[in-house]
Amino acid sequence: SATYFYSSMYGYGNNPSQGDTWFVENDNEVAFVTVSGDGNCIPMNSNSFIGNPRMMNSITLSNYVPNISDPSMFDIPEECKNVV
């Protein structure tokens, strides 16, 4: 389950964005996940800490755009279609 942790502002000037950070605990992992606070829950940042073996993972999403300008970039190349 997720527990609200805090809110903070990202950006500056005329384009600030609020990020809401949540604390997530699941079995052998804890994470701090930040999503946009505008109701769209766009992922902004995640920091995960995993137990045995110990590992830390940090992810930041940047340059977000709300649409995909070229959907063909998700087409699987022919040489990859038969890879197992």
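Quick notes on this one:
- 3J(HN,Hα) along the range 76-83, derived from phi through the Karplus expression 6.51 cos²θ - 1.76 cosθ + 1.60 where θ = phi - 60°, amounts to 7, x, 3, 5, 9, 5, 10, 7 Hz, with x in place of Gly and Pro.
- Compactness of the chain - radius of gyration and Dmax, Cα, Å: 17.0, 49
- At R0 = 30 Å, FRET efficiency that the Cβ-Cβ distance of residue 54 and residue 6 yields, to 0.05: 0.75
Bear in mind that the values in this text are calculations on the coordinates, not laboratory data. The structure displayed is predicted, hence computed values, not measured ones. All Cβ positions, even for glycine, are placed from backbone atoms using ideal geometry, and neighbour counts span all protein chains on display.
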